[in-house]
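Visitor: Please find one structure pasted underneath; my questions will follow.
The values are calculated or read from the model by the stated rules, or taken from the named source; none is laboratory data. Please read these numbers as outputs of a predicted model, since none were measured by experiment. Backbone-built Cβ (ideal geometry, glycine too); neighbour counts: all protein chains shown.
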Amino acid sequence: MIEKQRLDIALLERGLVHSREKARGMIMAGEVNVNGIRIDKPGVRVNADDELTIKSRQRFVSRGGDKLAWALVDFQFDVKDAICADVGASTGGFTDCLLQNGAARIYAIDVGYGILDYGLRRDPRVIVIERTNARYLETLAEQVHLVVADASFISLKLLLPVFRDWLLPKADLITLVKPQFEAGKHDVGKGGVVKDSAVHERVLLEVISSAQEIGFVLRGLTTSPLKGPAGNTEFLTWFAWGSDEGQITDVKTLIHDVVSHLKESTSS
């Protein structure tokens, strides 16, 4: 008699998920069916011939990957063969996206420990730097072509000078701007959500101006296709280092247009 197997382990061994932790999360979220029946307990035992299906197969290990993927398309940015640093790597959404788009090597940096997806952790192209606050990381083992950042509970303005020092003479920076961590406490509403479009505009101008003051050039700005966990609108910026090519000079107009378009789309 073939022994039954836990559902979370079965999902992992059949290659339907990247890690057992991911399997547990999807099961408890009600995203897994066994023979067409939704099961929400990871410990349920299944047979080898049971049909396991996932309601919504994610492209990346976390939603962050979809945000960065959107930016790469919107900015027409090619990461093939690039050496990258991912700040605030967490589960690894940005890292996963970079790998799937051909990046050569990625330094996955996070203040936490044991969060990065197991499959990414085992990938030889990923150098894991855990329990590390990027703000105090003066150098990496090598300079990089691209820094991507999805940082929380800290302003990007404090991290920009650090990112600059990691970059090759000609390089790029793509950041996820989270207004709730850039605006003052009086601008953050109930549940930590920033809804005022004027605050969005001010925050973007402050972050972009801070980058420009230390030598970065703005190349692109877009709204994230997905909101943050609490429902916050987020933005993605593209800065170039060591080149003025494609520089956006009328920053205020661009910011206003991006935020106004967002306001129109949410009210329609």
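Visitor: Going by the structure shown, is T266 closer than 26 Å to D187 by Cα, surrounded by 15 or more Cβ atoms within 10 Å (Cβ to Cβ) and at pLDDT below 95?
Guide: Details: closer than 26 Å to D187 by Cα: yes; surrounded by 15 or more Cβ atoms within 10 Å (Cβ to Cβ): no; at pLDDT below 95: yes.
No.
Visitor: Condition first: under 22 Å from D81 (Cα atoms) and surrounded by 16 or more Cβ atoms within 10 Å (Cβ to Cβ). Now tell me which residues in the range 128-144 satisfy that. First the steps, then the outcome.
Guide: Residues of the range 128-144 that are under 22 Å from D81 (Cα atoms), as a first pass: 128-129, 139-144.
Result: V128, I129, L140, V144.
Visitor: Also, quick follow-up: Give me the residue from the range 206-233 that is charged (D, E, K, R) and surrounded by fewer than 18 Cβ atoms within 10 Å (Cβ to Cβ) and, out of that set, modelled with the lowest pLDDT.
Guide: Taking the range 206-233 and keeping what is charged (D, E, K, R), we get 206, 213, 219, 227.
Okay, now just the ones that are also surrounded by fewer than 18 Cβ atoms within 10 Å (Cβ to Cβ), so 206, 213, 227.
On the way: E206: 96, E213: 97, K227: 85.
Of everything passing the filter in the range 206-233, K227 is modelled with the lowest pLDDT.
Visitor: Need a quick list: strands (runs of 3 or more DSSP E) entirely within the range 149-268 having at least 2 residues that are touching a Ser or Thr at 6+ places or on another chain (Cβ under 7 Å) and touching a residue at least 60 places away in the same chain (Cβ under 8 Å).
Guide: Details: elements: 167-177, 217-223, 235-241.
Hits in the range 149-268: 167-177, 235-241.
Visitor: Another one. Tell me the residue from V111, V73, V126 that is among the β-branched types (V, I, T) and in contact with a helix residue (DSSP H, G or I) (Cβ under 7 Å, 6 or more places away or on another chain), please.
Guide: On the way: V111 fails: in contact with a helix residue (DSSP H, G or I) (Cβ under 7 Å, 6 or more places away or on another chain); V73 fails: in contact with a helix residue (DSSP H, G or I) (Cβ under 7 Å, 6 or more places away or on another chain).
Going through V111, V73, V126 in turn, just one is among the β-branched types (V, I, T) and in contact with a helix residue (DSSP H, G or I) (Cβ under 7 Å, 6 or more places away or on another chain): V126.
Visitor: Given the conditions (1) touching a residue at least 12 places away in the same chain (Cβ under 8 Å); (2) under 24 Å from the mean Cα position of the chain (by Cα); (3) not assigned by TED's automatic domain parsing to the domain that holds K178, and given that L68 satisfies all but one, which numbered condition is not satisfied?
Guide: Condition (3) is where L68 drops out.
Visitor: Another question, then. Being of a type in the set (G, A, S) and at pLDDT 90 or above, is that true of even one residue in the range 45-59? Walk me through how you get there before you give the answer.
Guide: Our first condition is that a residue be of a type in the set (G, A, S); within the range 45-59, this holds for 48, 56.
Subsequent filtering for residues that are at pLDDT 90 or above retains none.
Within the range 45-59 (the criterion being of a type in the set (G, A, S) and at pLDDT 90 or above), the answer is no, since none of the residues qualifies.
Visitor: Residue by residue through the range 167-194, note down the ones that are at pLDDT 85 or above and either charged (D, E, K, R) or in contact with a Gly (Cβ under 7 Å, 6 or more places away or on another chain) (or both).
Guide: Of everything in the range 167-194, those that are at pLDDT 85 or above and either charged (D, E, K, R) or in contact with a Gly (Cβ under 7 Å, 6 or more places away or on another chain) (or both) turn out to be P169, K170, A171, D172, K178, Q180, E182.
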